[in-house]
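The values are calculated or read from the model by the stated rules, or taken from the named source; none is laboratory data. No experiment lies behind these values; they were computed from the predicted model shown. All Cβ positions, glycine included, derive from the backbone under ideal geometry; neighbour counts span all protein chains shown. SASA here: full protein model, heavy atoms, side chains in, ligands and nucleic acids out. Shrake-Rupley method; radii C 1.70, N 1.55, O 1.52, S 1.80 Å.
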Amino acid sequence: MGHHTFDADRADALEDDSRYAYLSVDELLGLFDFEETDCVVDLGSGTGFYTRSVAAHVDAVLAIDIQPAMHAAFEAFGRPGNVHRVTASIDGLPVDTDAVSAAYSTMTYHEFVSERALDELARAIEPGGRVAIADWSADGTGDRGPPLAERYDAATVAEHLREHGFAIDTADERRETLVVSARYVPPSA
């Protein structure tokens, strides 16, 4: 994984509605085209704060988190029946090749980014599948989220994805966060 993972002892902090000031559910859903029959992957699901909302719009969500304690917190806060918790690292996604329609990460990209994780993401996403990344920006003030030294800016995230076969649709900096959306374009396409 990247620099660190969120302390599971502070899981309650992830259920704070003030998070919507940095990323609303509508904005997240708007970052990737999906259909109700899609299976999507939450890359670092934590307590399921955003996952619960996404789950209402798709057939299934694979909630990937490396910390079993986060999955326990997710269960305690309420897990929809179409959400399947999977304890795994992003650099070893336990899914078949081209198995998922979309993947998203909310404030966790800085935790998991690596060459292997991005290779795995490209392997798991079907051709044309969407990826949405929202994270704390290196261009932010650092008042919330991880230290600035552990963050990336939107241009760097976009370049990481581009290097792994993704065509970038959006790469925006905002007040404290970044948003990047992309589509997977296999090398033979």
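Side notes on the structure shown:
- The residue that is farthest from the chain's Cα centre (by Cα), counting only those in region 102-137 that are closer than 22 Å to residue 150 by Cα and among the β-branched types (Val, Ile, Thr), is 113.
- Identity of the residue in region 126-153, assigned to a loop (DSSP other than H, G, I, E, B) and small (Gly, Ala, Ser), that ends up nearest to residue 165 (Cα to Cα): 138
- All of 97, 87, 37 fail the test of being without any contact (Cβ under 8 Å) to a residue 24 or more places away in the chain, open to solvent by 60 Å² or more (accessible area, probe 1.4 Å) and in contact with a helix residue (DSSP H, G or I) (Cβ under 7 Å, 6 or more places away or on another chain), apart from 87.
- Odd one out for residue 76, checked against (1) more than 16 Å from the chain's Cα centre (by Cα); (2) in a strand (DSSP E or B); (3) among the small types (Gly, Ala, Ser): (2)
- Cβ-Cβ under 6 Å pairs, at least 6 apart or on other chains, region 61-72 side closer than 13 Å to residue 104 by Cβ and open to solvent by 10 Å² or more (accessible area, probe 1.4 Å), far side outside any loop (DSSP other than H, G, I, E, B) and at pLDDT 95 or above: 62/41; 62/84; 62/86
- Checked against the criterion of being touching a strand residue (DSSP E or B) at 6+ places or on another chain (Cβ under 8 Å), in a strand (DSSP E or B) and under 26 Å from residue 67 (Cα atoms), the candidates 178, 121 yield just one match: 178.
- Put simply, of 152, 184, 109 the only residue that is open to solvent by less than 10 Å² (accessible area, probe 1.4 Å) and either acidic (Asp, Glu) or modelled with pLDDT of 95 or more (or both) is 109.
- Index of the failed condition, residue 139 passing every other in (1) exposed (fewer than 15 other Cβ atoms within 10 Å of the Cβ); (2) in contact with a strand residue (DSSP E or B) (Cβ under 7 Å, 6 or more places away or on another chain): (1)
- Qualifying residue in region 156-171 (condition: farther than 25 Å from residue 101 by Cα and either modelled with pLDDT under 95 or not in a loop (DSSP other than H, G, I, E, B) (or both)): no
- A count restricted to region 61-80 and to residues that are modelled with pLDDT of 95 or more and of a type in the set (A, V, I, L, M) stands at 4.
- Residue 187 being over 16 Å from residue 119 (Cα atoms), of a type outside the set (Asp, Glu) and out of contact with any Pro (no Cβ under 9 Å at 6 or more places or on another chain): no
- Test for residue 175: is it under 27 Å from residue 34 (Cβ atoms), open to solvent by 70 Å² or more (accessible area, probe 1.4 Å) and within 15 Å of the chain's Cα centre (by Cα): no
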